[in-house]
1. List every residue pair whose Cβ atoms sit under 6 Å apart, with the two residues 6 or more apart in sequence or on different chains, where the first one lies in the range 101-125 and is farther than 16 Å from Asp82 by Cβ and the second, anywhere, is modelled with pLDDT of 70 or more and surrounded by fewer than 17 Cβ atoms within 10 Å (Cβ to Cβ).
Amino acid sequence: MDLDDLHGDTLESARRGNLISRSNALTEQGTQVPGDAAHAVYHDVLTGSRSDGRAFQGSVDHTCHNWTYGGPDGAPQVGHWDRDSKYFGLSWNSAHAAPGCSVDRLALSGGKGLLYCFAADKAPD
């Protein structure tokens with residue numbers, strides 16, 4: 001319905017909305033992301049955000065230099081597209097920090113460097 005529902009800014013809105021899950025977290029081609037709860041191929045998704053969808057404050061980099069760095073260092077914040085994880089809470093977009101920015105380091109926690117993408121406004125008719 002709106003950004004509150006998308007991010008679940010409050011407990012009430014998180015229960016009402018925040019419905020990103022295995023059935024509707026699709027690839028850019030509209031297909032399901034490969035994997036399941038036990039064997040998620042692409043479990044972690046790069047978000048760089050807090051659970052309310054906003055950026056972290058302070059000097060710690062949670063976005064691998066605004067998604068331009070692919071080296072082994074860093075701690076990008078990730079969410080869980082499948083929401084079937086021991087780390088799942090009310091937030092799909094801020095589960096934990098990944099162990100680095102490179103594809104190899106992202107794979108250590110179940111990532112492949114995927115990003116969520118949303119349009120906040122409805123496209124004109």
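1. The qualifying pairs are Cys101/Tyr69; Cys101/Gly70; Cys101/Gly71; Ser102/Gly70; Ser102/Gly71; Ser102/Pro72; Arg105/Pro72; Gly113/Val103.
Listed here are the residues, each with its yes/no results for (1) more than 20 Å from Trp92 (Cα to Cα); (2) surrounded by fewer than 21 Cβ atoms within 10 Å (Cβ to Cβ).
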position	(1), (2)
Leu46	no, no
Arg50	no, yes
Arg54	no, yes
Ser59	yes, yes
Trp67	no, yes
Asp73	yes, yes
Pro76	no, no
Trp81	no, no
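The values are calculated or read from the model by the stated rules, or taken from the named source; none is laboratory data. The structure presented is a predicted model; accordingly, all values stated were derived computationally and were not measured. Here Cβ is always computed from backbone atoms with ideal geometry, including for glycine, and neighbour counts include all displayed protein chains.
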